[in-house]
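Here is the structure we will look at, set down as structure tokens.
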Amino acid sequence: LAAPAISAPVTPDMVQAGSDVTGKFVAPHPGYDYEKRVVMIPMRDGVKLNTVILIPKNAKGLPIILERTPYNAGGFVDDKPHMRDAARGAFREFIDDGYIIAIQDIRGKHGSNGAYVMTRPPMGPLNPSKTDDTTDAWDTIDWLTKNIKQSNGRVGMIGSSYDGWAVTMALLAPHPALKAAVPESPMIDGWMGDDWFHYGAFRQNSLDYYLGQTTARGRGESIPREGSDDYLGYLDAGSAGAYAEIYGFKQLPWWNRVAAHPAYDAFWQLQALDKLVAAHPSNVPTIWLQGLWDQEDMYGAITTWEALKRSGHGANNHLVMGPWYHSQINRTGETLGPLKWNGDTSADFRKNVLLPFFNAHLKDRAAPPLPEAMLFNAAEKRWETFADWPVAEKQAVRPLYLKPGFALGFDKPAGGEDSYVSDPAKPVPFLTPPVDFDNHARWTTWLVEDQRPVATRPDVLVYQTPVLSDDVKVEGAPFADIFLKTTGTDADVVVKVIDVYPPSYAEQPELGGYQLPVSQDIFRGRYRGGFAHPQAFKPGETAEIKFRLPTMNYTFKRGHRIMVQIQSSLFPLYDRNPQTFVPNVFFAKPSDFKKATITIEYGPSAVLLPVK
Ligand code: PG9
């Protein structure tokens, strides 16, 4: 093009011969009350881990709160001028009080280098390398205390779920600068009762997680479901293994390891952290925290705390169970499903207990002594504190017997039995279908879902006490102790302890007649003689199935009833038991799934309740 006529010359500063995109901009951030550093912290083997550090402006002598996560450290922080707005809500109390916050991607995830291994087992037979999340936490704390000159050299660790697992790993051989820790709903034993299985029954929603977590360093794939109802989707596929096959899971090393180890063999035993923590107890003051209706990690915190207390390390370890779904400690805690509390139980706890706990150990501030245990009583809508919370084998229990006429009582019946037909073609839903595993509101509240819709099914046995004339207070872990026969060769048992509200309930009319599950679990019957060694049922022969149910601190109020429901499936959350004994339930064939008649015997069958 011919240049137009101009009246002044072209000077060099008018010409861009390169690019206007700098790629390297250092924002001055005027008005920001903190500095954000993103650093790659070297581990002992040279692998570098991406760490986002927020330091208040003009900070001096502040402690550091560290969270290690597989869920993208960068996503924990927004670009906002005030640190309290920039960091995730759960850090706000710390920021207001004056803390440095450090969030790190664990090895192999998001911005970090190295190889990702699902809840990487500690160094040893399952991890032949020279690092694990204990050494990675150690190296990180060492680097932080040496390189963040605004710190006072003390570090606290916190985090929920996977991040709670990372806190627990740090405690196995803690850096001396780690002065306080709060594993929140930590994943401790994926087979026994946390994310992957409960007593051997596989949690099929894990499959979404495996794909999301192990198909990419960042956020991975999701299952491209054909339909919107997971009840039908999983039913049509057949076994969990068949479902996984349809969606290409054979390509995932982690799935292949899980699928090859359906029983509690060395693979699971060697990574059960409750036993490891008790064998390597630390002196770090620690709060083991979880929800009473934690739909993902109901098992880990309480069992680890109990293991420590049992092995004589109760003094620096505390137990907290709040009225929360999984990780609700870090969200608002005013309600749980239809249940309403007096105020925000999460924020109040964080402000009044959690922060003072860290302040006591990281800032030498005086704090009221923490009780051994603090558990919310949802029926009384208040926290209760305990100087001596019982470990399961030390608690006194009263058998609450199943009785003829679908009654329930503390007096032992002479005998009798009840039967139902469990049909794998029509498993009992854990949530009224359609079920969408992705529906957060339903997933987080399924453990408090009204049980009336399933109570009317012919394959759900329902026993209840008369209307209570006095309060019944339960403190501890109930045990299901069920004696049953089946016409099949394998069976699952689900036992639910339920608070039945009075038919009309003026305080909250929508709860009239509500059947609120307070403690429930599933047990895969083939493991009744030992978790490592599955064993078939002999058709028609009585077998005892005894298992621990989730811990309760609950008052069944006068005017309510206690109910126990028994069934053989909780689908599609748990995979179906084919009811035919097969070597590996993951790969049961369609012809293995058979109806069975299950008969429960009165006399011995009971729920052992730790009644006060
Ligand atoms: N419950 C989730 C999880 C923990 C550990 C392993 C896998 C999943 C979580 O919320 O992080």
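Every read-out reported here was derived from the displayed coordinates using simple, explicitly stated rules and does not represent laboratory data. Everything quoted here is computed from the prediction, not taken from an experiment. Quick reminder, even Gly has a Cβ in these numbers, built from the backbone with ideal geometry, and neighbours come from all protein chains shown.
Run the numbers for Asp265 and Asn72: contour at 0.36 nm per residue of separation, minus the present Cα-Cα distance, in nm.
Length gained between Asp265 and Asn72: 66.3 nm.
Taking the alpha-carbon centroid of each part, what is the distance from the stretch 287-307 to the stretch 122-168 in angstrom?
21
Tell me whether the stretch 252-408 comes out rounded, prolate or oblate; compute the Cα gyration tensor, take square roots of the eigenvalues as a ≥ b ≥ c, and use a/c under 1.5 as the rounded threshold.
Rounded, because the longest to shortest axis ratio a/c is under 1.5.
Just for the Cα atoms in the stretch 92-242, what are the lengths along the principal axes, largest first, rounded to whole Å?
Result, largest extent first: 59, 40, 29 Å.
In percent, how large is the relative contact order of the stretch 264-315, given Cα pairs closer than 8 Å and 6 or more residues apart?
40
For the stretch 373-448 and the stretch 505-539, compute the distance between their C-alpha centroids and round to whole Å.
6
Could you work out the local net charge near Thr131, counting Lys and Arg as +1, Asp and Glu as -1, over the other residues with Cβ closer than 10 Å to its Cβ?
Residues close to Thr131 contribute a combined charge of -1.
Which ³J(HN,Hα) values in Hz, rounded to whole numbers, follow from the phi angles of the stretch 445-453 under the Karplus curve 6.51 cos²θ - 1.76 cosθ + 1.60, where θ = phi - 60° and Gly and Pro get x?
Going residue by residue, I get 10, 5, 6, 10, 5, 4, 8, 4, x Hz, with x marking Gly and Pro.
Take every Cα-Cα distance within the chain, group them into 20 Å bins from 0 onward, and report for each bin the whole-number percent of pairs it holds.
Calculated over all Cα pairs of the chain, the distribution is 19, 50, 25, 5, 2, 0 percent.
Restricting the calculation to Cα positions, tell me the Rg (one decimal) and the Dmax (whole number) of the stretch 381-434 in Å.
18.6, 49
Taking K and R as +1 and D and E as -1, what net charge do the other residues with C-beta under 14 Å from the C-beta of Gly530 add up to?
Taking every other residue near Gly530 into account, the sum is +2.
For the stretch 150-167, in order, what is each residue's ³J(HN,Hα) by Karplus, 6.51 cos²θ - 1.76 cosθ + 1.60 with θ = phi - 60°, in whole Hz (x at glycine and Pro)?
Using θ = phi - 60°, the values come out as 7, 8, 8, x, 10, 10, x, 10, 8, x, 10, 6, 4, 5, x, 4, 5, 5 Hz.
Hey, what did the chain get for relative contact order, percent, Cα under 8 Å, at least 6 apart?
Taking the mean separation of contacting Cα pairs over the length of the chain, I get 13 percent.
Taking the DSSP beta bridges in the chain as the whole, what percent of them are antiparallel, to the nearest 5?
The antiparallel fraction comes to roughly 70 percent.
Longer than 29 Å from Cα to Cα, which of Lys60/Lys179; Lys60/Lys351; Lys363/Lys612; Lys496/Lys557; Lys36/Lys179 are they? Say none if no pair is.
Check vs 29 Å cut-off fails for Lys363/Lys612.
Please report the relative contact order for the stretch 395-478, taking Cα pairs under 8 Å with a sequence separation of at least 6, and give it as a percent rounded to a whole number.
Value for the stretch 395-478: 36 percent.
Which residue, His361, His82, Gln579, has the largest displacement toward the positive end of the dipole of the chain when charges sit on each Cβ (Lys, Arg +1; Asp, Glu -1)?
Value computed over the given set: His361.
Which of rounded, prolate or oblate describes the stretch 413-489 when judged by the alpha-carbon gyration tensor and an a/c cut-off of 1.5?
oblate
Would you work out which of Thr456, Leu431, Phe483 lies farthest towards the positive end of the dipole of the stretch 395-554, given +1 charges on the beta-carbon of Lys and Arg and -1 on that of Asp and Glu, about the Cα centre?
Of the candidates, Phe483 comes out farthest on the positive side.
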